[in-house]
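As structure tokens, the structure follows; a few thoughts come after it.
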Amino acid sequence: MSLNNILTNWSRYRKGAEEGGFHEYEHQWGMVVDLNKCIGCNACSVACYAENNLPVVGEKRCGKNQAMNWLRIERYWDEPDLEPYNATPSANIDAWIEGNPPAKKTELKPSMPSSYLPGLLEEGGQNFEQRVGFGGTKSEFQDFGASFLPMMCQQCHAATCEPVCPVAATYHTPDGLNAQVYNRCIGSRYCSNNCPYRLRYFNFWSYYEDAWPEPLHMQLNPDLSVRDKGVMEKCTFCIQRIRVAKDKAKMEDRKVIDGEFSTACVQTCPTGALVFGDMQNPDSQVSKLWSYHQVERGKTKQSKQNKELRGYRVLEGLNTDPSVLYLERVREV
Amino acid sequence: MSGNDINRRDFLKILGWSGVGVAVAGCDRPTTVTLEEGKEEVVAYLQPEEYVIPGVGVWFASTCQQCPAGCGVHGRVREGRVLKMEGNPDSPINKGKLCQMGQAGVQGHYNPDRLKKPMLRKGGALAEVSWEEALAALEQKVGPASGLAGDRFAWFTGTVSGHQSVLLSAHLAAMGSKNHFIHETINNAVARAVNQDMLGEAMPRYDLPAAKMVLSFGADLVGAGTSPVHFSGEYAKFRTGATRGVLVQVEPKMTLTGGSADLWVAIRPGTEGVLALGIANQVLLGDEIKVAGLPENIRTLIAAYDVKKVASITGVTGDRIMRIAELLKQRSPSLVVAGASVEGHTHGYQSAAAIMVLNIVLGNVGKTILPSGSSAFPQMEAKTGGTRDLLALADAADKKALDVVFFHGANPVYTAPAALGLTDKLKNIPFKVVFAVHPDETAMSADLVLPILSAHEDWGTHMGAYQPEQKSISIQQPLMERLYPDTKGFGDLLLALLKARQVKEYESFADYYGYLKNAFAALPASVKGDAVSDEDFWGKSLQKGVLNVGTVAGALNPKMVEISFPEFKSDAQDYYLVPSARLGLWDGRHANLPWLQEAPDQISKVVWTSWVEMHPATAAKLGVKEGDFVKVSSAQGAVEAQVYVYKGIHPQVIAVPMGQGHEEYGRYAKGRGVNPLKILAPVTDAKTGELALYGTRVTVAQSGRREVLVKLMGSETQLGRKMVGTVTASVFDRTEGAKNVT
Amino acid sequence: MSHGYLFLSGPVGSSGAVVPHHRSSRYFLMALAALVLGFFLAMSSAWADDGAGVPNAVPPKGEHEGKNVEQPIEFPHNIHVDVNKINCMYCHTYARRSKVAGIPPTSKCMGCHLVIATDKPRIKKLTEYWEKKEPPRWKKVHDVPDFVHFTHEKHLKRFVFDNEGMSVDRVSEVCAFCHGEVKKMTVAHKVKPLNMGFCARCHEANKGPFDCWKCHK
């Protein structure tokens, strides 16, 4: 398997957004994360530990940002400016008691400093600026709860991690995944530096030495390897499950059926906030959701007919073309 | 999704190692792998079942035992090892889903610190002994010849249900004892008492999807609550569909459920009942018909709590109170629920009752609060408890009223506040026997420790503590051969205890498996469905993992109780301590599971340790910031941990999470963090006698030390990037709502 | 101790994991074995096993000088395959259904050897294992690294079942691609390198998939 071969495949599948490279894909696995349903409970993250032989690194190494949580739930405290009513004690409370509540605010105020990351602002145009708050409300409390965001490898089509690998250990598969070949990896960590989502995880240590004291190691999943020191790793969209499903379909001379299998995180999600499937299959649930929300692959800027639809991709303006669609969180105001 | 569903007969008989080269690949340690011929061994089955294919995983149904919810699971088994848990889609409780605790069940099973041999206290220290010696010691102390009086014997357990519960009750009867203490630190005992008194049923059914609004007073429905996975699924339905439900959460410290609230309201601890009455007052303003329908005493009670008075007591601003009332009026039916932060006060019962009054005023009873009824098998239903029995045990031990106590599924030495003096009082019980999987604090202070099979090795049947509309019995079956030959099944031990007491009914059963099989054969035809024989029914039951059983209809009869509150004094000098519960470590029972230690707390994102939550205003007052160590002191003791500052907490509240601070419990738990339960004041709810977990006052002082607080979180804010976008519900209703796009 | 066999000697493996099946009588086993064996015998015929005769296939190139591995029983592949013409997949029955071919369970051996050649020393040894209810601990000969996903079933599908002009009774020729002429051996020894170059050359010649994650895991 020559480097040449890798590069050929790479350029074959990793085509620029303009060329619509994904048309050649056999499958293209994608995901949808509905933040209206996500409760931030962490079930997906632990399911990922269980499925993918992720080592537990301990408190000290967690403190050095060496935790190997391929799927993490980010929790942000800032809130968009959606103040339902003035959150400070109202001066005209007497008027309220008499049955004259203040008018409901439905207009969202732009609160984004326009000088901040100008490139990103273009992503959603005015819509984006309207929706995104900066630094929370003036309220004394966390009025709208928390903002939870499950982050797994976004499996970008125009992945920033791929072109920087000096040994072509990270490459694009015919399924549209960013794959990491552990045997090829030399641990330069360029890919991780280049990932805007910080979703690549480096084995700084030989975790197998102490992460699975006997008999904990009996839980390890034989369908994928245990990675050693000096190797980069990341979410694979449970490629071992994809492989089983594809092999099974092939043995039965049929196509993979939507919903026949899913990744560990999707399968366990207690609220069903995560959806997984093949975007090359127009009838799959993910395809339907992407098209309902008028988000298209291969674009750096969406031109939605209905600007109110919730679908967006995280940091889409960076031209990464991710395979994970997020649906905005919803709050009553 | 569950791959090969197998109609398995005697699973235990076929477990073994397949002899295939690459099968155990993932388990090898990279440095020791060899490809050299003749170095490694392959061993085939002596005789495989027809469905066992080396290299192919099979799934078996069982029941999760990580909390009392009783979710159905599918365990993935390959080459005789259980690898992964998934939810069982046939379970009406969790419908194919699972939480992080369920996922981590395998780490309890494969835990490196499991108890492997019986231990007997000899000359002050526990020493490993053989089962013969252990059982002989047991026979000597509790056998018919021991002369042990029935009332001097007790069982102390966590929630029990199913056939274990039946056997346990039979054993108590055989011993002539009525002493069954049931203890859960995370419980809804006070709310259950209120439900029983006001509705006639302790645990009615909540129809979350039917509610257009949920007003939760500290009820962590999707977190550390009665049935987290079930309510998470219900929550998703509540949030989608034609009318997106609105969630308002009122509590002193943000719970996981609070994190998803449309409106999160901080409240002065203990004043939730007052707020409920204040909201009722607002709801009733101008609605004379409704007011006229209420009993006189309730009318008077509600009338006393106008919005200004309530605002001054609760610290919730008047416009918030009116906003909530307005939403409730617009969104009927709604559902108002009370949780741990309401229950955990000396007047917890009164507050929870006031919250139920609000439900009655809103007309929710019969619409979103429905009669649960009982199943056709009441003797199998979950027996659950709270902290009252913990106090009762301490009291009985203090009075030297017990000679022998059997412990199972509870760790009172860890969960009891230091003020109870339980560790000392337990010394008055001459013979304490612990049936345990892991070396917890209670086991290590016992006189006899009997190592039992893990949940993934044992047989059993369970009924979840909360039963949805479709009531079910969930079957627990071994997912693999036992890891340690010197461990025994809990059911087998119960059966042996019954036989030792010569209880005729149980003499014919060789083991618990045989007993269960027989019990299944004896079930009525209505449960057996289309099974053609007992053997067929048994096979089908194991394959499905869940037996749906009929419901005996119940009815709710709303009734008022007397409600009165103590005088709420404003005292800014000290703080309320909130010993918060988290979905993950739970009440501390999962602190020995490394995945759950490394899974961050959902709200603070802290891993592996304890922390002290406070409001920015409080932190400013104390002159501390994140990472500073502070000493949190009550009259009963002090704990020291690092500060975490955020706005999801009332400024008068200091929260320290439960779960850490173990003195025993294996390498992952021992000596890590602090246990806030230890410094709780021994105050109780006046009506129910439950410990008032939120009723402790503390002072906070800097201890001068500072370290980086270890969190799995980069920035606390989005730095202006669109990481999490938010839209208003009106936008959602326009674009999706009833269109049912997902 | 090598960790490749860690789980075979672990706490579970040593406890009563190998209890014989309570439903199958000896006679049932014998009858079944005779029936199935008869079928496979009828299909077998003599072919040279260098793989060159397999249609639509380019046999992989590569040599390896494997050492002779001492096994608990010197199992004679030659007698079973070359003399008695038993199909490979009669014993390695999982090959067409799983990624692994599988070592036959002891019950399968006993299916025939309850009656056949019971006086031979090797069969006496086998019978001892059977009666002690302990399967023989064979030494592993053919192996691929743990980071490799190799599946027998798909290779058999490509070269046997979906291969026009190929018949199941000639499967040993396909097996020989990677295992050599086992029918000429007693216990198997490794004659092909089974390394990445060996695999990749064959995938190139036979137009197999070339994506890294097809084989790496």
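A few remarks follow.
- 35 Å tail of the calculated P(r), chain B, as % of Cα pairs: 48 percent
- As a length-normalised measure over Cα pairs under 8 Å and 6 or more apart, the relative contact order of chain B settles at 18 percent.
- In chain B, helical runs assigned H by DSSP with n ≥ 4 each contribute -39500 (n - 2.57); averaged across all residues and rounded to the nearest 500, the mean residue ellipticity at 222 nm is -7500 deg cm²/dmol.
- At R0 = 25 Å, FRET efficiency that the Cβ-Cβ distance of B:Ala510 and B:Asn548 yields, to 0.05: 0.30
- Built amide H within the under 5 Å cut-off of C:Lys140, gap 5+: B:Gly38, B:Lys39, B:Glu40, B:Glu41, B:Val42
- In the context of the full set of protein chains, residues of the range A:255-309 present 43 Å² of accessible surface per residue (probe radius 1.4 Å, heavy atoms only).
- The HN-Hα couplings worked out from phi for the range B:39-46 by the Karplus form 6.51 cos²θ - 1.76 cosθ + 1.60 (θ = phi - 60°) are 8, 9, 10, 10, 10, 7, 5, 5 Hz, whole numbers, x standing for Gly and Pro.
- In the range B:190-374, the DSSP beta bridges split such that about 10 percent are antiparallel, to the nearest 5.
- Note that the range B:190-374 presents 24 Å² accessible area per residue, ligands and nucleic acids not counted, probe 1.4 Å.
- Residues in the range B:416-448 reached by a label modelled at B:Lys122 [backbone nitrogen below 14 Å; 7 Å Cα→Cβ]: B:448
- Label-point gap, in nm, between C:Ile79 and C:Lys132 - each point 7 angstrom along Cα→Cβ: 2.0 nm
- Cut-off 18 Å, label 7 Å out along Cα→Cβ of B:Gln502, residues of the range B:123-162 by amide N: B:139-150
- Cα gyration tensor category, rounded, prolate or oblate, for the range B:190-374 with a/c compared to 1.5: rounded
- Using the Cβ-Cβ distance between B:Ala701 and B:Lys329 with R0 set to 45 Å, the FRET efficiency from 1/(1 + (r/R0)^6) comes to roughly 0.45.
- Whole-Hz couplings from phi, Karplus 6.51/-1.76/1.60, listed for the range B:295-309; x for Gly and Pro: x, 4, 5, 6, 4, 4, 4, 5, 4, 6, 10, 6, 4, 5, 5
- Amide H contacts for B:Ser472 (H built 1.01 Å from N in the peptide plane; partners 5 or more residues away or on another chain; cut-off under 5 Å): B:Val549.
- Residues whose placed amide H lies under 5 Å from that of B:Ser375, excluding near-sequence neighbours: B:Val552
- Within chain B, antiparallel bridges make up roughly 50 percent of the DSSP beta bridges whose residues both belong there.
- Gain on full extension, evaluated as 0.36 nm per residue between A:Glu308 and A:Asn183 minus their Cα-Cα distance, stands at 40.4 nm.
- Averaged over B:485-492, number of beta-carbon atoms from partner chains that fall within 10 Å: 1
- Long pairs among A:Lys255/B:Lys471; A:Lys37/B:Lys367; B:Lys427/B:Lys504; B:Lys95/B:Lys739, criterion Cα-Cα beyond 29 Å: A:Lys255/B:Lys471; B:Lys427/B:Lys504
- Backbone N under 20 Å from the C:Arg122 label point (7 Å along Cα→Cβ), restricted to the range C:76-97: C:76-93
- Gyration tensor (alpha-carbon) shape descriptor, the protein assembly as shown, a/c threshold 1.5: oblate
- In this structure, B:Asp287 and B:Glu469 have a Cβ-Cβ separation that, at R0 = 45 Å, corresponds to a calculated FRET efficiency of about 0.90.
- Taking every C-alpha pair closer than 8 Å and separated by at least 6 residues, the mean separation divided by the residue count of the range B:575-706 gives a relative contact order of 35 percent.
- The separation of the range B:277-291 from the range B:338-387, counted between C-alpha centres, amounts to 23 Å.
- Positive minus negative residues near A:Asn194 (Lys, Arg vs Asp, Glu; Cβ under 14 Å): +3
- Span from the the range C:137-163 Cα centroid across to the the range B:65-136 one, whole angstrom: 35 Å
- Interface area, A with B, accessible, probe 1.4 Å, both sides summed, Å² nearest 100: 9900 Å²
- Mean partner shielding of peptide C:195-206, defined as the number of other chain Cβ atoms within 10 Å of each residue Cβ, is 1.
- Cross-link check: pairs C:Lys108/C:Lys183; A:Lys301/C:Lys214; B:Lys308/B:Lys569; A:Lys60/A:Lys229 evaluated at a Cα-Cα cut-off of 22 Å; pairs beyond the cut-off: A:Lys301/C:Lys214.
- Of the trypsin sites (Lys or Arg not before Pro) in the range B:366-453, those whose Cβ has at most 15 other Cβ within 10 Å and which sit in DSSP loop: B:Lys399, B:Lys400
- Candidates per GluC sites (Glu not before Pro) in the range C:67-162, loop by DSSP, up to 13 other Cβ within 10 Å: C:Glu70, C:Glu74
- Interface area, A with C, accessible, probe 1.4 Å, both sides summed, Å² nearest 100: 2300 Å²
- The protein assembly as shown, dipole about Cα centre (Lys/Arg Cβ +1, Asp/Glu Cβ -1), debye to the nearest 20: 1040 debye
- Segment A:Glu296-A:Phe204, extension gain: residue separation times 0.36 nm, minus the distance between their alpha carbons: 29.4 nm
- What the phi angles of the range B:48-53 give under the Karplus curve with 6.51, -1.76 and 1.60, with θ = phi - 60°, is a coupling list of x, 5, 5, 8, 7, 10 Hz, glycine and proline written as x.
- Of the beta bridges in the range B:575-706, as assigned by DSSP with both residues counted there, near 65 percent are antiparallel.
- The apolar share of the surface of the protein assembly as shown, taken as the fraction of accessible area on carbon and sulfur atoms (1.4 Å probe, ligands and nucleic acids excluded), comes to 53 percent.
- The overall shape of the range C:126-185 is prolate: from the C-alpha gyration tensor, with semi-axes ordered a ≥ b ≥ c, the ratio a/c is 1.5 or greater and a/b exceeds b/c.
- Inter-part distance where the range B:528-583 and the range A:254-333 are each reduced to a Cα centre, Å: 36 Å
The values are calculated or read from the model by the stated rules, or taken from the named source; none is laboratory data. Owing to the predicted nature of the structure, the values given are computational and were not obtained by experimental measurement. Don't worry about glycine lacking a Cβ; one is built from the backbone with ideal geometry, like all the others, and counts go over all protein chains shown. The accessibility values were calculated without ligands, DNA or RNA, using every heavy atom of the protein model including side chains. Shrake-Rupley method; radii C 1.70, N 1.55, O 1.52, S 1.80 Å.
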